[in-house]
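The values are calculated or read from the model by the stated rules, or taken from the named source; none is laboratory data. Here the structure is a predicted model, which means the values were calculated and not measured. Glycine also receives a Cβ, built like all others from the backbone with ideal geometry; neighbour counts cover every protein chain displayed. These area figures cover heavy atoms from the full protein model, side chains too; ligands, DNA and RNA do not enter into them. Shrake-Rupley method; radii C 1.70, N 1.55, O 1.52, S 1.80 Å.
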Amino acid sequence: MEYCIDCGNRIRGRTDKKFCNDHCRSHYHNALNRGRNNVFKEVNHILKKNTAILDQFVQQGVFQIEKQTLAATGFDFTYFTNFINGPLGEQYYGIYHYAYRQHPAEQVELVQTAEIWPET
Ligand SMILES: [Zn+2]
């Protein structure tokens, strides 16, 4: 005896079916995709917020920031777009067109990625 994985009702007919009908099939897949899209939206939101925070510092001409100051703005250090190796092997965290690296003295150095690799 098989049950629909969407509505839980018993399935009539072939025993290899997962859904009782097309309505349940599309309802199930739409709900699944909605969940996945929410994850994308959530991460994109954090990355956009991080970028907007960096925009504000750059617009003020500030490229050295206390880590504490950056954290106080709501900047989320756990989200970034890529790792970038600088010309001297230093490691930057990329956030779209920005990159930053942390110095031992709790300072964050902010650059625009074009400054690390002018051709990119
Ligand atoms: Zn069903």
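Hey, any idea what % of the chain's accessible area is carbon plus sulfur with a 1.4 Å probe? Don't skip to the end; give the middle numbers.
Details: 4310 of 8420 Å².
Taking all protein chains in place, the chain shows 51 percent carbon and sulfur surface.
Using a Debye calculation, one point per C-alpha and no hydration shell, please list log10 I(q)/I(0) for the chain at q = 0.11, 0.14, 0.17 Å⁻¹ in order.
Summing over Cα pairs of the chain leads to -0.54, -0.65, -0.83.
With charges set only on the Cβ (+1 for Lys and Arg, -1 for Asp and Glu), what does the dipole of the chain come to about its Cα centre, in debye to the nearest 20?
For this selection, approximately 1040 debye.
Just order 79-88, 9-18 by mean Cβ neighbour count inside 10 Å, highest at the front, would you?
Put in order of decreasing packing, that is 79-88, 9-18.
Would you mind estimating how fast the range 1-64 diffuses translationally, via Stokes-Einstein at 20 °C and 1.002 mPa s with the Kirkwood radius over Cα pairs, in µm²/s?
141 µm²/s
Just add up the charged neighbours of Arg10: K/R +1, D/E -1, any other residue whose Cβ is under 14 Å from the Cβ of Arg10.
+2
Can you tell me, using C-alpha contacts under 8 Å and at least 6 residues apart, the relative contact order of the chain as a whole percent?
16 percent
What accessible area per residue, rounded to a whole number of Å², is obtained for the chain using a probe radius of 1.4 Å?
On the way: 8420 Å² over 120 residues.
So the chain comes to 70 Å² accessible per residue, rounded to a whole number.
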